[in-house]
Amino acid sequence: MLSNPRTSFILRNLWLAVWLALLITTIGKAQEKPYFVTYSHDLEEPGNLEIETKTALAQPNGGNQFGATAMELEYGTRAWWTTELYLDGQATGSDSTVFTGWRLENRLRPLMRDHAINPVFYVEYENTSGADKTILEVVGHDSQTDLAAPNGELRRDHQHEAELKLILSSNVKDWNFSENFITEKDLGHAPWEFGYAVGATRPLRSAASSRECTFCAEKFIAGAEVYGGLGDTFALTLRDTSHYIAPLIGWQLPKGVRFSFSPGFGFTSTSLSRIYRVGLAYEFDQVGRWFQRSNGGGQ
Amino acid sequence: MMRRSFAVFLIAFSAAIAFAAASASRWQRVPAKDHARTNPLDGQREAKMAGALVYRDHCQQCHQANAQGDGRKRPSLRSEGIRAATDGDIEWFLRQGDLRHGMPSWSSLPQAQRWQIVAYLRSIQ
């Protein structure tokens, strides 16, 4: 844990280090939708490891600006099964920089064929503190006031949560439409909380160029997502719930790096008025083969 | 001795039949409508070149730069099976994948890029 008034400076340097580390690696790729909250039925290719950082920048009413980053390690266990580990941290202005916990998730495709609507089951265990501000989902009566308290106070609250999602997703004429139904339960005495996320994306051009290019239209994917809370089993109502609409843009950079950006806008009084999200992803191909080579079993 | 040779022959013959049946059944699963489709980019040089780049980004990691696979789980794409398939068969298979056997679904790629891959695969047979 760090405690430093210039936390944003540290965060920027951390970003720079990650960025450079990604750029010096030579081979790899990343090809996913630029959603930050919504999941589509795209899974990681088997044997590949994707490293992605998702950063949320916002300022709650009555609180300080913060930047919260989730570092995501996503591995394609099978073509129908993806496993992810998240490491979360945040830096709050005039406060501190803290590690806020980890999450382990699995996504499973029960149907082996592509259909008009493709279901994916999502199961996650979260071990985070109340200071987690990554906002990777919005459920129940999540509110901006949850994010306004000092880190020292928020960190006293430990959360052991299970999260289940039903992901439904369709690819239609180069568009992707995804709908997520979310339920989350603190494993202590707390109600089930519900939420939703829906999104649509499309590449700016369908056909690939016949030459290498960085700024070609097909390298960009645009879209939007809408997400929010649906109350909980104690109060299954939309009153005091947060909802956001967020345009998205994703850019496939050379050397397999993917950049994504999304300005989100809250449209209820309990929502943050604005939330900016930045993502940077890099995919390592066939990491299992690295170990085969070291054992002399590679090709 | 004679009996042993016969047993070896029987096993080899059965394996060949099973392999042939598996290869054939892959395309037999393709719906007639998809099977009959032709590549709208067929014969376009640009499509082959673009397909080579899409192949490099998405297929090469498993099927190798020369498309000959690894001789084990990742099959060669310069094969009789590919030559026997219609353009529609290959595009359908790219879209569906074979999740049970490790081939991802590429329905997330725009359809034009799947046709570009088909054009490229045709050009390397």
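Exactly one condition in (1) more than 23 Å from A:THR55 (Cβ to Cβ); (2) within 14 Å of another protein chain (Cβ to nearest Cβ); (3) of a type in the set (A, V, I, L, M, F, W, C) is not met by A:PHE215; state its number. Of everything listed in (1) more than 23 Å from A:THR55 (Cβ to Cβ); (2) within 14 Å of another protein chain (Cβ to nearest Cβ); (3) of a type in the set (A, V, I, L, M, F, W, C), A:PHE215 misses just condition (2). Looking across the stretch A:112-125 at every residue that is at the interface with chain B (Cβ under 10 Å from one of its Cβ atoms) and farther than 25 Å from A:GLU137 by Cα, the one that is surrounded by the most Cβ atoms within 10 Å (Cβ to Cβ) is identified as A:ASP114. Count of the stretch A:31-59 residues, restricted to those that are part of a strand (DSSP E or B) and of a type in the set (Val, Ile, Thr), is 3. Here B:ALA50 passes the criteria (1) in contact with a Leu (Cβ under 7 Å, 6 or more places away or on another chain); (2) surrounded by 22 or more Cβ atoms within 10 Å (Cβ to Cβ) except the one numbered (1).
Total residues in the stretch B:24-59 satisfying the condition of being within 17 Å of B:TRP106 (Cα to Cα) and of a type in the set (Val, Ile, Thr): the figure is 2.
Among residues of the stretch A:224-246 that are without any contact (Cβ under 8 Å) to a residue 24 or more places away in the chain, those with a beta-carbon under 6 Å from a residue that is surrounded by 15 or more Cβ atoms within 10 Å (Cβ to Cβ) at least six positions away or on a different chain give the pairs A:THR237/A:GLY231; A:ILE245/A:VAL226. Inspection of the stretch B:87-96 identifies at least one residue that is within 29 Å of A:PRO110 (Cα to Cα) and aliphatic (A, V, I, L, M). Among residues that are modelled with pLDDT under 95, more than 21 Å from A:GLU52 (Cβ to Cβ) and within 20 Å of the chain's Cα centre (by Cα), A:ASP146 is included. Evaluation of A:ASN106 against the conditions (1) buried (at least 18 other Cβ atoms within 10 Å of the Cβ); (2) more than 14 Å from chain B (Cβ to nearest Cβ); (3) of a type in the set (S, T, N, Q); (4) under 19 Å from the mean Cα position of the chain (by Cα) shows that the sole unmet condition is (1). Elements of the type helices (runs of 4 or more DSSP H) sitting completely within the stretch B:24-125 and holding at least 3 residues that are at the interface with another protein chain (Cβ under 8 Å from one of its Cβ atoms) and within 27 Å of A:ARG289 (Cα to Cα): these cover B:45-58. Note on the stretch A:132-182: residues that are assigned to a loop (DSSP other than H, G, I, E, B) and either away from chain B (no Cβ under 14 Å) or in contact with a Lys or Arg (Cβ under 6 Å, 6 or more places away or on another chain) (or both) total 18. Here A:LEU104 fulfils each of the conditions (1) closer than 30 Å to A:PRO150 by Cβ; (2) touching a helix residue (DSSP H, G or I) at 6+ places or on another chain (Cβ under 7 Å); (3) without any contact (Cβ under 8 Å) to a residue 24 or more places away in the chain apart from (2).
Could you check how many residues of the stretch A:163-189 are acidic (Asp, Glu) and within 19 Å of A:TYR35 (Cα to Cα)? The qualifying residues number 3.
The values are calculated or read from the model by the stated rules, or taken from the named source; none is laboratory data. Note that the structure is predicted; figures quoted are calculated from it, not measured. Here the Cβ is made from the backbone with ideal geometry for all residues, glycine too, and neighbour counts use every protein chain on show.
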